[in-house]
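Read-outs: derived from the displayed coordinates by stated rules, not from any lab. Since the structure is predicted, the reported quantities are computational estimates derived from the model, not experimental observations. Heads up, the Cβs are rebuilt from the backbone with ideal geometry, glycines too, and the neighbour counts pull from every protein chain shown.
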Amino acid sequence: MAGLRERLHDGKPFLFSWMSMPGLHLAGQIARLPLDGVTLDLQHGLIDFADAAAMVAAINGAGKPAIVRVLWNDPGLIGQAFDCGASIVIAPMVNSKAQAEALVKAAKYPPMGQRSWGGYAMVQAAKVTPAEYLKVANSTTLVFAMIETREALDALDDIASVPGLDGLFVGPSDLSIALSNGAELNRLSAATLAAMEKVAAACKRNNLVAGAFAGTPEIMNTYIGLGFRFLAASVDVDLLRLGTDAAVKGVNI
Ligand code: 3PY
Ligand code: MG
């Protein structure tokens, strides 16, 4: 999406919805909420590729950038996400420089990478001709590598310095599990926050956008304080619970 890279670098938090449930109309509704974009979670959500293709079109139709967290750092899945019109791909469990290079290679056409040409939805979404799409694709599609293991923390600067990468995205649940050797799931644990400080610093050194899954205002504010700007703010399933709590709050029953 034109202007998205500039928006992500302007220093203002970019807060987005996170969807785990499939549904074209649901995606259209969520894209109209007052947040900056919508992520479809194809790793842990219940969304398959046919669902995602329709949902991406609905999100783009609402004028918001569509973000896809792919099932795995796999070139076929990354190409598929961009071909259906996603603006940003987030790849899970990127643990080495070689894996970060593979992510960029799958996402970019030559000379930056080896993305394979095909499809039409991405051309429709960009509102250009196929030949024009080729010219703008590498600069308008963005990739984030997820940092969520000890291995990734050990290779942080090697990963962050890979050309073509736009940002690092912390999976704080997996990271907290890894750093506690499986003892706790705590997105605000001291060890997780200390590691995230290092991720934010690596992003700053390499002119990358620092992103993370957050999910609550308290967590978001903490991560913003550490320098994170690209944040998953609310999750579809949680919105139903929060909305229901608000709908019956104060009712005399
Ligand atoms: C994590 O926190 O591990 C994630 O992958 C976010 O969903
Ligand atoms: Mg994870």
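Calculated translational diffusion coefficient of segment 192-235 (4 °C, 1.567 mPa s; Stokes-Einstein with Kirkwood radius over alpha-carbon pairs) equals 126 µm²/s. Working from label points 7 Å from Cα in the Cα-to-Cβ sense, the E6 to H25 distance is 3.8 nm.
Each Cα pair under 8 Å and six or more residues apart adds its sequence gap; the mean of these over the residue count of segment 94-238 is a relative contact order of 19 percent. Here the relative contact order of the chain, from alpha carbon pairs under 8 Å that lie six or more residues apart, stands at 18 percent. If you take all other residues with their beta carbon under 15 Å from the beta carbon of V235, and give Lys and Arg +1 and Asp and Glu -1, the sum is -2. Residue by residue, segment 152-157 carries 3J(HN,Hα) couplings of 5, 5, 5, 9, 3, 6 Hz when phi is fed to the Karplus relation 6.51 cos²θ - 1.76 cosθ + 1.60 (θ = phi - 60°); x denotes Gly or Pro.
Each Cα pair of the chain feeds into the Kirkwood radius, which the Stokes-Einstein equation turns, at 4 °C and 1.567 mPa s, into a diffusion coefficient of 71 µm²/s. Summing charges over neighbours of A194, with a neighbour being any other residue whose Cβ is under 14 Å away from its Cβ, gives +2 when K and R count +1 and D and E count -1. Based on DSSP H segments of at least four residues, each scored -39500 (n - 2.57), the chain has a per-residue ellipticity at 222 nm of -13500 deg cm²/dmol.
A cut-off of 5 Å between modelled amide H atoms, ignoring neighbours fewer than 5 places along the same chain, links V209 with G167, L168.
State log₁₀ I(q)/I(0) for segment 92-238 at q = 0.20, 0.21, 0.22 Å⁻¹ as given by the Debye formula over alpha-carbon point scatterers of equal weight, solvent excluded. Result of the Debye calculation: -1.13, -1.19, -1.26.
From the alpha carbon centroid of segment 26-74 to that of segment 179-204 is 27 Å. On full extension, the segment bounded by M112 and K97 gains 3.8 nm, given 0.36 nm per residue less the C-alpha separation.
Ranked by how many other Cβ atoms sit within 10 Å of their own Cβ, fewest first, the residues Y120, Y133, Y109, Y223 fall in the order Y120, Y109, Y133, Y223. Each Cα pair under 8 Å and six or more residues apart adds its separation to the average, and for segment 37-102 the resulting relative contact order is 32 percent. Ordering G182, A232, A57 by the projection of their Cα atoms onto the charge dipole of the chain, which places +1 on the Cβ of Lys and Arg and -1 on the Cβ of Asp and Glu, puts A57 at the extreme positive end. Put simply, the convex hull of the Cα atoms in segment 10-98 casts, on average, a shadow of 6.2 nm². If you count Lys pairs in the chain whose Cα atoms are under 17 Å apart, skipping same-chain pairs closer than 8 places in sequence, the total is 9. For the pair E132 and L240, label points projected 7 Å from Cα toward Cβ lie 4.1 nm apart.
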